[in-house]
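To keep things clear, I will list the structure first and then write my remarks on it.
The values are calculated or read from the model by the stated rules, or taken from the named source; none is laboratory data. Just so you know, these numbers come straight off a predicted model, no measurement behind them. Cβ placement follows ideal geometry from the backbone for every residue including glycine, while neighbour counts extend to all protein chains displayed.
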Amino acid sequence: MAAHVLVVDDDEAIRTTLRRNLAYEGYRVTIAADGDEALRQIRDEAPDLAVLDIMMPRLDGLEVVRRLREADERLPVILLTARDAVPDRVSGLESGADDYLVKPFAFDELLARIRVRLRRHEPDAARELRFADLSLDTAAREARRGDRPIALTTTEYELLRLFLQHPRHVLTRSQIYERVWGYEFVGESKVIEVYVGYLRDKLEAAGEPRLIQTVRGAGYVLREGG
């Protein structure tokens, strides 16, 4: 069955162009003109991925993403925006979005990022990943620390899965950025540190020992002990 992509933009020309081009690539495409309409459509029939403009009337794209994440909706979201400053990119990712693309963009780049996000939401061959007392059920997308369940956003899940797929291996910031966010590291973004912090808070919420260790000058590693 063709993947269902929701395109949300208040610019009719962009909506029409993306719907036509994505349909040509074999996707089932629905459109929305603003954030309120997007949330209604998602409630009625959840798509497999949303391409979401940030600057929209009434309810902007960042607020849509925040509401989705507050409702524990793990829908993959790619944000579109004319803002290209690093702080704007960080704000977009910190809102809970999975990716960020600056207008004007090449359709082929958007298409590649859609394929990456959809591929990353396919079931893993290994149903459960484990390290120490930490486990991740990749079919149910559920994490546990011992018997304690841990709720994860989409990006937190992808980051934790990456660590669990490479225990005791030091992962550089560039590797993490490319494998979790799907593109090369840019500038002085602190988004990795932010999400590592989110994961640590959740993994250590009951006083458990730290498993995600910082390797100064190199990156991060999943291992026991400091």
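Numbers for the structure displayed
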| quantity | calculated |
| --- | --- |
| Scan of segment 19-59 for residues that are of a type in the set (Gly, Ala, Ser), touching a Gly at 6+ places or on another chain (Cβ under 7 Å) and within 18 Å of ILE114 (Cβ to Cβ), ordered by number | none |
| Single match in TYR100, TYR177 (criterion: of a type in the set (Phe, Trp, Tyr) and either in the same structural domain as PRO209 (by TED's automatic domain parsing) or over 11 Å from the mean Cα position of the chain (by Cα) (or both)) | TYR177 |
| Scope segment 35-59; condition buried (at least 19 other Cβ atoms within 10 Å of the Cβ) and of a type in the set (D, E, K, R); matching residues | ASP53 |
| Unique match (being aliphatic (A, V, I, L, M) and closer than 18 Å to ARG223 by Cα) among LEU110, LEU164, LEU152, LEU101 | LEU164 |
| For GLY219: the one exception among (1) in contact with a helix residue (DSSP H, G or I) (Cβ under 6 Å, 6 or more places away or on another chain); (2) surrounded by fewer than 16 Cβ atoms within 10 Å (Cβ to Cβ); (3) modelled with pLDDT of 90 or more | (2) |
| Helices (runs of 4 or more DSSP H) wholly inside segment 9-106 containing at least 3 residues that are within 25 Å of TYR198 (Cα to Cα) | 61-70, 86-94 |
| When residues of segment 1-26 are limited to those that are under 20 Å from the mean Cα position of the chain (by Cα) and either at pLDDT below 90 or of a type in the set (A, V, I, L, M) (or both), the one surrounded by the most Cβ atoms within 10 Å (Cβ to Cβ) | VAL8 |
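For every residue, the table says whether it meets (1) at pLDDT 95 or above; (2) over 20 Å from ARG74 (Cα atoms).
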position	(1), (2)
ALA139	no, no
ARG145	yes, yes
THR154	no, no
LEU159	no, no
GLN165	no, yes
VAL170	no, yes
TRP181	no, no
LYS202	yes, no
GLU224	no, yes
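Residue by residue, here is whether (1) in contact with a Lys or Arg (Cβ under 8 Å, 6 or more places away or on another chain); (2) free of Cβ contacts under 8 Å to residues at least 40 places away in the same chain; (3) within 30 Å of ALA140 (Cβ to Cβ) holds:
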residue	(1), (2), (3)
THR16	no, yes, no
ARG28	no, yes, yes
ILE31	yes, yes, no
ALA38	no, yes, yes
ARG43	no, yes, yes
PRO57	no, no, no
ILE78	yes, yes, yes
ALA82	yes, yes, no
SER95	yes, yes, yes
